[in-house]
1. With each label point set 7 Å from Cα along the Cα-Cβ vector, what nm distance links residue 83 and residue 3?
2. Given R₀ = 25 Å, FRET efficiency for residue 32-residue 112 by Cβ-Cβ distance, to 0.05?
3. Would you please name the GluC sites (Glu not before Pro) within the stretch 84-125 that are DSSP coil residues with at most 15 other C-beta atoms within 10 Å of their C-beta?
4. Could you derive backbone 3J(HN,Hα) for the stretch 97-102 from the dihedral phi with the Karplus parameters 6.51, -1.76 and 1.60 (θ = phi - 60°), listing whole Hz in sequence and x where the residue is Gly or Pro?
Amino acid sequence: MKQLVLILTGIIVCFLVVIIITAGGALVDAEDPVYQNGHLVAAFQYNGEPKDVWVQCVIFRVDDLLSSEQIGDVLSLAETFSKGREVCEFPIDLAPGSYSVRLYVRERDEGSARLAAFIKNFEVV
């Protein structure tokens, strides 16, 4: 019986250690973007070690709940994220209206995985 208790205790302790190690949330979070002076301004909160990344955005004009049209090509910026707030400005001319943007953050290493992806809405007045 004592061996069973020790084994179960060991399993629970290992499980808690894994949870503690992997807890800590996402490395990247995005604020709501704003459009000003011909630029889409996207701000990110980064909580990791300095990293060279690509920040990409795809903008869609939203006409109603079911209809959207991609505006232009994928826009990409090469950035170096350090711990804290990072601001990226994508130059693009947009007419007044409702838009949705897909923001992607990827490592710049060849074949690297995506660090984060966000879908955000914004208005141009």
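FYI, it's all coordinate maths here, none of it is from the lab. Bear in mind the structure is a predicted one, so any value in this text is a computation, not a measurement. Note: ideal-geometry Cβ built from the backbone for every residue, glycine included; neighbour counts use all protein chains shown.
1. 4.6 nm
2. Values: r = 27 Å, r/R0 = 1.06.
Efficiency computed from Cβ-Cβ geometry: 0.40.
3. Working: sites: 86, 89, 107, 110, 123; in loops: 110.
Counting only loop positions with at most 15 other Cβ atoms within 10 Å, the GluC sites (Glu not before Pro) in the stretch 84-125 are 110.
4. My calculation for the stretch 97-102 gives x, 9, 9, 10, 10, 9 Hz in order.
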